[in-house]
Structure formats: C-alpha cells, structure tokens
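Q: Have a look at the structure that comes next, please.
Bear in mind that the values in this text are calculations on the coordinates, not laboratory data. In this text the structure is predicted, and so the values were computed from the model without any measurement.
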Amino acid sequence: MIKRILTICFVLFTLGRIQISAKADILCLRCEKIDPKPIHTDKGKAPMRMPEISMDGTTLLFQPYHSEYIINIVQNGEVVFTSVVPADAAQYELPDYISGECVIQFLTGNYCFWAEIEL
C-alpha cells in the first residue's frame, strides 16, 4: 500500500515538472477572390470555407482534409518563394533563408487567403 502511494506521488511529481510548449499561433487569414468568374459553373454558390492554418516558428500546420495550396511568400511587393502544399500534408516547413516581415499567400481555385507574418 505504501509502495503504491509512493509510486503515485513520484509519478505526479514527475508529471508536474514536464514543460508544455506553447501552442502554435493561428494565422489571421484574409480572403480575396482572384477571378470573379466561377471555375465550376455546374456547382452551387456556397461560400468558400476559410482555412485554419497555424504557424509554429517556420512550420505551417494544416487541418486534416484541406485543399491543395500554392504558397507564395511576398516581400517588398516581390514573390521571394513559391511552392505547392499537397492536400494530404499535415505540415509544411518554410525555408529558413527568408527573414523579416512578409505576406504569405495560400492560393486555391480562384481564391487567395493571405496573412502578414514575420519570419
């Protein structure tokens, strides 16, 4: 009985010392329609769902079942990086050679979701 209590106390003490890292920041995305013409004329006019994308350092974290995105990083009005994030990717590592304030764009269909970030 005493051995069990000591074991429980030790486990609780050990768990109390574990540091939990901060949660990734959710990007505050804005949306712009790139082309006003519909891509699929046979589909209804349901609004585009705003994606939920988080950022932890230089790692982007995506929700399951997201669209395929073309990522652009824009600095001083110029695209300095572009890539494709497949629909099955849960996370994506941004290049470490880019630093400072920039705009990150996520292009899908005829929509552009974007946010201002600092790398």
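Q: Express in nm, to one decimal, how much length is gained between Ser83 and Ala24 on full extension, taking 0.36 nm for each residue of separation and deducting their alpha carbon distance. Before the final figure, lay out the partial values.
A: Working: separation 59, 0.36 × 59 = 21.24 nm, distance 2.17 nm.
Extending this stretch completely gives an extra 19.1 nm.
Q: Quick one: length gained pulling Glu32 to Val74 fully straight, 0.36 nm per residue minus the C-alpha distance? Intermediate results must be reported in sequence, preceding the final value.
A: Numbers: separation 42, 0.36 × 42 = 15.12 nm, distance 1.56 nm.
Result: 13.6 nm gained on full extension.
Q: Name the shape class, rounded, prolate or oblate, that the alpha-carbon gyration tensor gives for region 22-118, where a ≥ b ≥ c are the square roots of its eigenvalues, rounded holds for a/c under 1.5, and otherwise prolate holds if a/b is larger than b/c and oblate otherwise. Display every interim value, and only then the final one.
A: Details: a/c = 2.03, a/b = 1.49, b/c = 1.36.
It comes out prolate by the Cα gyration axes.
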